Amino acid sequence: MRILFLGDTVGRTGREAAAAALPVLRASLHVDLAIVNAENASHGFGLAPEMARALFDAGADVITLGNHAWDRREIIPYIAETPRLIRPLNFPPGTPGAGSVLVTLPDGRSALVLNVMGRLFMDALDCPFRTTAEALARYRLGGTVSAIVVDLHAEASSEKMAFAHSFDGAVSLVVGTHTHCPSADHQVLPGGTAFMSDAGMCGDYDSVIGMQKEPAGQRFWRKLPGERLAPAEGEATVCGVFMETDATTGLAKRIEPIRMGGRLSSAMPVA
Ligand SMILES: [Fe+2]
Ligand SMILES: [Fe+2]
């Protein structure tokens, strides 16, 4: 299975770039399953239902979220009726929506997608390791499902690496989100799981993690509440990762970064 994952979509410039890139990448890389993290799609904070619809229409099969999941409150009723929009699995019991979704592809193969949040330097949630292990207990990679992808929304690369090694051999891909900076550590781990500690963002890199650099910088210079942060609106770089699974085992054959447009050096997998 050929899987595309795009990192945190930030603001209008990120949304539009991700929506424009999705059909192009789907076609050029023969993508079977496309996943987009959209926790920052709405002006940097949250996701509105019409923005989710636009990403689905552009070719996203699954949309994931993170700590900004509920910044746009309209998403709460929408997520309840939209199984392919998922929020972190380890939010408290009773939270609207689900933390995973089983997707059936047009050819009949199925893929499980999970969204989990780390705890280091983040909100105190349920244990991401234990909740993931419990969620995976019902599935067997290469048996009941052809692919398993985890969007690990976390700050600390140590937690991301520990998580990926913990599930090495049990899932197809662990890809980090949330830092908005693409890491250069993409690899197939010894047990066969593809890993990249952060996919990077779909947003303008002439910024502070996608937000306008002057007000964001002032927050560090002056310990005063500054003006509300707004997304930088220059040309976005579309950042993400492409991976291909083995048809029998569901484990990774390869993982390659994607960076398109904007300020970052480009990276494009060979089809
Ligand atoms: Fe983010
Ligand atoms: Fe985040």
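No lab work stands behind these numbers, since they all come straight from the coordinates. In this text the structure is predicted, and so the values were computed from the model without any measurement. Positions of Cβ are backbone-derived with ideal geometry, glycine not excepted, and every protein chain shown enters the neighbour counts.
Below is a table of values for the structure above.
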{"read-out": "Selected residue [small (Gly, Ala, Ser) and under 24 Å from Arg26 (Cβ atoms)] from Gly143, Gly118, Gly176", "value": "Gly176"}
{"read-out": "Matching option when the condition is β-branched (Val, Ile, Thr) and over 23 Å from Ile86 (Cα atoms), among Val188, Val150, Val171, Val145", "value": "Val188"}
{"read-out": "Criterion violated by Thr13 - all others in (1) closer than 30 Å to Cys127 by Cα; (2) out of contact with any Lys or Arg (no Cβ under 8 Å at 6 or more places or on another chain); (3) within 16 Å of ligand 1 (Cβ to nearest atom); (4) of a type in the set (S, T, N, Q) satisfied", "value": "(1)"}
{"read-out": "Scan of the stretch 249-271 for residues that are assigned to a strand (DSSP E or B) and touching a residue at least 24 places away in the same chain (Cβ under 8 Å), ordered by number", "value": "Ala252, Lys253, Arg254, Ile255, Glu256, Pro257, Ile258, Arg259, Met260"}
{"read-out": "Number of positions in the stretch 147-156 that are under 15 Å from the mean Cα position of the chain (by Cα) and within 16 Å of ligand 2 (Cβ to nearest atom)", "value": "6"}
{"read-out": "Residue identified as over 25 Å from Glu134 (Cβ atoms) and more than 14 Å from ligand 2 (Cβ to nearest atom) among Pro93, Pro77, Pro83", "value": "Pro77"}
{"read-out": "Residues within the stretch 213-271 that are among the basic types (Lys, Arg) and over 30 Å from Val150 (Cα atoms), tallied", "value": "5"}
{"read-out": "Residue list for the stretch 78-87, restricted to those being of a type in the set (A, V, I, L, M, F, W, C) and within 16 Å of ligand 1 (Cβ to nearest atom)", "value": "Leu85, Ile86"}
{"read-out": "Given (1) within 16 Å of ligand 2 (Cβ to nearest atom); (2) aliphatic (A, V, I, L, M); (3) not in a loop (DSSP other than H, G, I, E, B), index of the condition Ala199 fails", "value": "(3)"}
{"read-out": "For Arg219: the one exception among (1) more than 16 Å from ligand 1 (Cβ to nearest atom); (2) part of a loop (DSSP other than H, G, I, E, B)", "value": "(2)"}
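Here is a yes/no grid of residues against (1) part of a loop (DSSP other than H, G, I, E, B); (2) within 16 Å of ligand 1 (Cβ to nearest atom):
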| residue | (1), (2) |
| --- | --- |
| Val31 | yes, no |
| Val36 | no, yes |
| His43 | yes, yes |
| Arg53 | no, no |
| Trp70 | yes, yes |
| Ile76 | no, no |
| Val101 | no, no |
